[in-house]
Amino acid sequence: MLTFILIVLMMFLIPGPAVFITVSQTMKGGKKSGLLTALGIAVGDFIHTIAAVVGLSAILMTSALAFEIVKYVGAAYLIFLGVKAFIQKTEKEDKPVVQQGKDLSFRQALVIELLNPKTALFFLAFLPQFVQNDGLPVNVQLLMLGLTFVLMSILYTSTLVFLSTALGGAFFLKSKPKTNWLGKGIGIVYISLGLRLAFQTRVA
């Protein structure tokens, strides 16, 4: 377990979609939106964990068609969010930007995480590497490892939320012109992540 935790911590040092999405949502909607995004990602990871435990994720590894369908649906959703964020204009200043998008933060993060086939393959291929033959039942060990990852993930993304809020969130959200440019930047991030996902292969 200690080896597993250390490897996951090292993996977190490499920024991925979860990092960019969490930070961008925090900068756009404030601390609450960021925390809801972190929660959405964690719930998505938990569902992937359950899928890996019961073997459903194996479909994505053995079926090229299933992988391609999930991949392109996920990519299309990311690009849609990116285009929407890029063209969306900031509301009037009497309606704080901080109040926008909070209701969608959790759902968007959850859908994005669920529609990333690489996440499913990660849990299916990575978790079994730490299963002990002379330990608890395999399913129990996989569940424990997955839940450990989910807990570490939400702690990590929540830390990013607080750091983003402390270091720059208030500066951007107080200025309407800066918020407009921030929205376009967030849109570019989502579109880039969508294109990246679209060109991913099944090779882990």
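The values are calculated or read from the model by the stated rules, or taken from the named source; none is laboratory data. Keep in mind the model is a prediction, meaning the values are calculated, not measured. Cβ: placed from backbone, ideal geometry, glycine included. Neighbour counts: every protein chain shown. Ligands, DNA and RNA are stripped out before the accessible areas are found, and what is left, the full protein with its side chains, is counted by its heavy atoms. Shrake-Rupley method; radii C 1.70, N 1.55, O 1.52, S 1.80 Å.
General remarks:
- Residue pairs whose Cβ atoms lie under 6 Å apart, separated by 6 or more positions or on different chains, with the first residue in region 140-158 and free of Cβ contacts under 8 Å to residues at least 12 places away in the same chain and within 17 Å of ILE21 (Cα to Cα) and the second surrounded by fewer than 19 Cβ atoms within 10 Å (Cβ to Cβ) and polar (S, T, N, Q), do not occur.
- Region 17-32, subset among the basic types (Lys, Arg) and more than 15 Å from LEU81 (Cα to Cα), residue most open to solvent (accessible area, probe 1.4 Å): LYS32
- Per-region count, region 111-137, residues touching a residue at least 40 places away in the same chain (Cβ under 8 Å), of a type in the set (Phe, Trp, Tyr) and either surrounded by fewer than 20 Cβ atoms within 10 Å (Cβ to Cβ) or outside any helix (DSSP H, G or I) (or both): 2
- Out of ALA85, ALA66, sole residue that is at pLDDT below 75, of a type in the set (Gly, Ala, Ser) and in contact with a Phe, Trp or Tyr (Cβ under 8 Å, 6 or more places away or on another chain): ALA85
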